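The values are calculated or read from the model by the stated rules, or taken from the named source; none is laboratory data. Computed from a predicted structure; not experimentally measured. Cβ placement follows ideal geometry from the backbone for every residue including glycine, while neighbour counts extend to all protein chains displayed. Side chains are part of the model used for accessible areas, which takes the heavy atoms of the whole protein and leaves out ligands, DNA and RNA. Shrake-Rupley method; radii C 1.70, N 1.55, O 1.52, S 1.80 Å.
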Amino acid sequence: MKKIILTILFSIIFVLKANADVTPQYLSSVAHFGIGVAQIDKNIKIYEKPDSNSKMQAQIVWNEKGNLQCKNTKMRCEANEIFLGFAPSNNIALFSVEDETDSWIYVCYNQKYRLFGWIKKDEYTKYMTWGEFLISYGKKYGMYLFRDVPKEYKILYASPDSKSPSVDSFFLATHINPWLVSGNWILVKVENYDDKQKTGWLRFRSDNGRFYGFVNLK
């Protein structure tokens, strides 16, 4: 009887594994950015094709305590490998989106191994462009730059153009509040480590789509 109980307890611990919050910290932290972001349901099914009769590649279940369960797949059930961002206490789990149709979105459901699949749009799955995500979530939680961003990307400009006059720069931002997105640029108010506030246009994304920062989900 004792052996059976221990086996059951081990199974529960293995399947419902608690994960800490996941927010990317370095330029290389995110393997795939895509065209936008999907906030996913706490029980999401991922299909090979945009058809619920096609092969299910994975089913991912999570809760606000950070417990994570991966079904119908052999991939490791690690939040830092699966999600673009994960803040279960704030009810947020994010995939990057590669493509969309009227009823489906094509997502990267494993950042480490670049695994892709289709999830059906419904009231529990919210798709946002990067601009929508940065403004909506950035205004609520603030933003931060990755730790290895070169200092030339910590310059604020008068307009969303690197040829426009630079109006300020900063060393270490303690909080970045976004106001407006224009292409690869975002109008921000930066609170520097010395408590000085600075405002201007910040380049948040490269021409090839790589981001220099992220929303502070924690």
> Considering only protein heavy atoms, what is the solvent-accessible area of SER29 at a probe of 1.4 Å, reported in Å² to the nearest 10?
Replying inline: 50
> Under a Cβ-Cβ cut-off of 15 Å, what is the net charge of the residues other than PRO50 that fall near it, where Lys and Arg count +1 and Asp and Glu count -1?
Replying inline: -2
>> Please report the accessible area of ASP122 (heavy atoms, 1.4 Å probe, ligands and nucleic acids excluded) in Å², nearest 10.
In response: 80
> Counting only protein chains, not ligands or nucleic acids, how are THR174, THR199, THR73, THR125 ordered by accessible area (probe 1.4 Å), most first?
Replying inline: THR174, THR199, THR73, THR125
> What nm value, rounded to one decimal, do you get for the distance between ASN90 and ARG114 when each label is placed 7 Å out toward the C-beta?
Replying inline: 2.9
> Too long at a 25 Å Cα-Cα cut-off: which of LYS49/LYS139; LYS49/LYS121; LYS139/LYS198; LYS74/LYS140; LYS42/LYS140?
Replying inline: LYS49/LYS139; LYS74/LYS140
> Roughly what would the spin-label model give for LEU180 and GLU48, points 7 Å off Cα along C-beta, in nm?
Replying inline: 4.9
> Taking the Cβ of THR101 as the center, what net charge do the other residues with Cβ under 13 Å away carry, scoring Lys and Arg +1 and Asp and Glu -1?
Replying inline: -2
>> Taking percent of Cα pairs over 25 Å apart straight from the coordinates, which label in (1) 44; (2) 54; (3) 35 is the correct one?
In response: (1)
> Contour minus end-to-end for LYS151 and ASN63, with contour as 0.36 nm per residue of separation and end-to-end as the Cα-Cα distance?
Replying inline: 27.9 nm
> Where Lys and Arg each count +1 and Asp and Glu each count -1, what net charge lies around PRO178 among other residues with Cβ under 12 Å from its Cβ?
Replying inline: +2
> Which cysteines does the chain leave without a neighbouring Cys Cβ under 4.7 Å?
Replying inline: CYS108
> Which value in deg cm²/dmol, rounded to the nearest 500, describes the helix-derived mean residue ellipticity at 222 nm for the chain, given -39,500 (n - 2.57) per DSSP H run of n ≥ 4 and division by the residue count?
Replying inline: -4000 deg cm²/dmol
> Between exposed chymotrypsin sites (Phe, Trp or Tyr not before Pro) in the chain, where DSSP calls loop and at most 10 other Cβ atoms lie within 10 Å, what's the longest gap?
Replying inline: 27-170
> Any idea what angle helix 130-141 forms with the longest principal axis of the chain, computed on alpha-carbon atoms, 0 to 90 degrees, nearest 10?
Replying inline: 90
